[in-house]
Amino acid sequence: MADATPQGEGQHVVTIAGASMIADLAGALYWPDQRLLVVADLHLEKGSSFATRGVLLPPYDTLATLGQLSAVIARFDPKTVIALGDSFHDGEAHDRLSVANRDHLAALQARRDWIWIVGNHDPELPCALGGTVASELAIGAISFRHEPTGAHGEIAGHLHPKARIAARGRAIERRCFASDGERLVMPSFGAYTGGLSIRDAAFLRVFGAPGFHAHVLGDRQLYTVAAARCC
């Protein structure tokens, strides 16, 4: 990736409003001091949602997403997990979970605090899912919510940031963390989720200036590149 700085194998330390966190290659964020894992935009049951409208996709997105989440949880063993909204693709998606996927989710929640932040796709979540439902959450100077507002210390999702970078005569497009050190927008974690270019005006409204960076998810490591250098 041209003009990109490689980071350590699979992980990279980022600082948000003075708090040091680990950006993981899977698209999750871990806060060691709090033993807190953050993921955004799982969009579980997106495949089955499309199927109800006649658009047939392989019905394995929930299985793949929960499998990836299980691997991240095993890697960090967090005390708390925050899912930053749009965890389910629509208001009935949790009812369409298979028994196996429901049991898988329950196993991931066992022995840890689990917080569901509501999103625009899932504004109402049932208590039967387990965990705690909240509109947003603050821990010290850090605030967690679904839709970014640009506030200092904010960690949000919703925008599904991706970066397009020129490399070896072609363009590579990958998911990324977008951050200026004071706030951060998470990449989408779901298997079937798309993305929005960090050059879109929506990111300028969040960061207020083009001087933020993309921490890009490569094949084996993360790369940091100035947003202004993305295509």
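Here Phe203 clears all of (1) open to solvent by 60 Å² or more (accessible area, probe 1.4 Å); (2) modelled with pLDDT of 95 or more except the condition numbered (1).
Is it true that some residue in the range 77-89 is of a type outside the set (A, V, I, L, M, F, W, C), within 16 Å of the chain's Cα centre (by Cα), at pLDDT below 85 and open to solvent by 10 Å² or more (accessible area, probe 1.4 Å)? Scanning the range 77-89, I find at least one residue that is of a type outside the set (A, V, I, L, M, F, W, C), within 16 Å of the chain's Cα centre (by Cα), at pLDDT below 85 and open to solvent by 10 Å² or more (accessible area, probe 1.4 Å), so the answer is yes.
The rows are residues; the columns are (1) at positive phi; (2) in contact with a Leu (Cβ under 9 Å, 6 or more places away or on another chain).
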site: Ala93; (1), (2): no, yes
site: Asn101; (1), (2): no, yes
site: Ala110; (1), (2): no, no
site: Gly119; (1), (2): no, yes
site: Glu124; (1), (2): no, no
site: Gly140; (1), (2): yes, no
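Of the residues making up the range 142-156, just one is free of Cβ contacts under 8 Å to residues at least 40 places away in the same chain and farther than 23 Å from Ala26 by Cα, namely Ala151. Yes or no: the range 36-59 includes at least one residue that is modelled with pLDDT of 95 or more, open to solvent by 10 Å² or more (accessible area, probe 1.4 Å) and of a type in the set (A, V, I, L, M, F, W, C). The answer is no; no qualifying residue exists. Scanning the range 162-199 for residues that are touching a helix residue (DSSP H, G or I) at 6+ places or on another chain (Cβ under 9 Å) and under 18 Å from Thr65 (Cβ atoms) gives Phe189, Gly190, Ala191, Tyr192, Thr193. Condition (residue is in contact (Cβ under 8 Å) with a residue 12 or more places away in the chain, touching a His at 6+ places or on another chain (Cβ under 9 Å), farther than 16 Å from Val14 by Cβ and crowded, with 20+ Cβ neighbours inside 10 Å) applied to the range 157-164: is it met by at least one residue? Yes, the range 157-164 has at least one match. Taking each residue of the range 22-36 that is closer than 19 Å to Thr224 by Cα and looking for partners that are of a type in the set (Lys, Arg) with beta-carbon atoms closer than 7 Å, six or more apart or interchain, yields Gly27/Arg175.
The numbered conditions (1) of a type outside the set (Phe, Trp, Tyr); (2) open to solvent by 50 Å² or more (accessible area, probe 1.4 Å); (3) in contact (Cβ under 8 Å) with a residue 40 or more places away in the chain are all true for Ile139 except (2).
Screening Pro123 against (1) within 20 Å of Trp31 (Cα to Cα); (2) open to solvent by 70 Å² or more (accessible area, probe 1.4 Å); (3) not β-branched (Val, Ile, Thr) leaves a single unmet condition, (1).
When you check Ile172 against the structure, is it in contact (Cβ under 8 Å) with a residue 24 or more places away in the chain, surrounded by fewer than 24 Cβ atoms within 10 Å (Cβ to Cβ) and under 25 Å from Ile115 (Cβ atoms), yes or no? No, not satisfied. The single condition among (1) open to solvent by 10 Å² or more (accessible area, probe 1.4 Å); (2) modelled with pLDDT under 95; (3) under 14 Å from Gly85 (Cβ atoms) that Gly130 does not meet is (3).
Scanning the range 139-197 for residues that are in a loop (DSSP other than H, G, I, E, B), modelled with pLDDT of 95 or more and not small (Gly, Ala, Ser) yields a count of 14.
Taken over the range 100-114, the criterion of being open to solvent by less than 30 Å² (accessible area, probe 1.4 Å) and within 16 Å of Ile82 (Cα to Cα) is satisfied by Leu105, Leu108, Gln109, Trp114.
The values are calculated or read from the model by the stated rules, or taken from the named source; none is laboratory data. Here the structure is a predicted model, which means the values were calculated and not measured. Don't worry about glycine lacking a Cβ; one is built from the backbone with ideal geometry, like all the others, and counts go over all protein chains shown. The accessibility values were calculated without ligands, DNA or RNA, using every heavy atom of the protein model including side chains. Shrake-Rupley method; radii C 1.70, N 1.55, O 1.52, S 1.80 Å.
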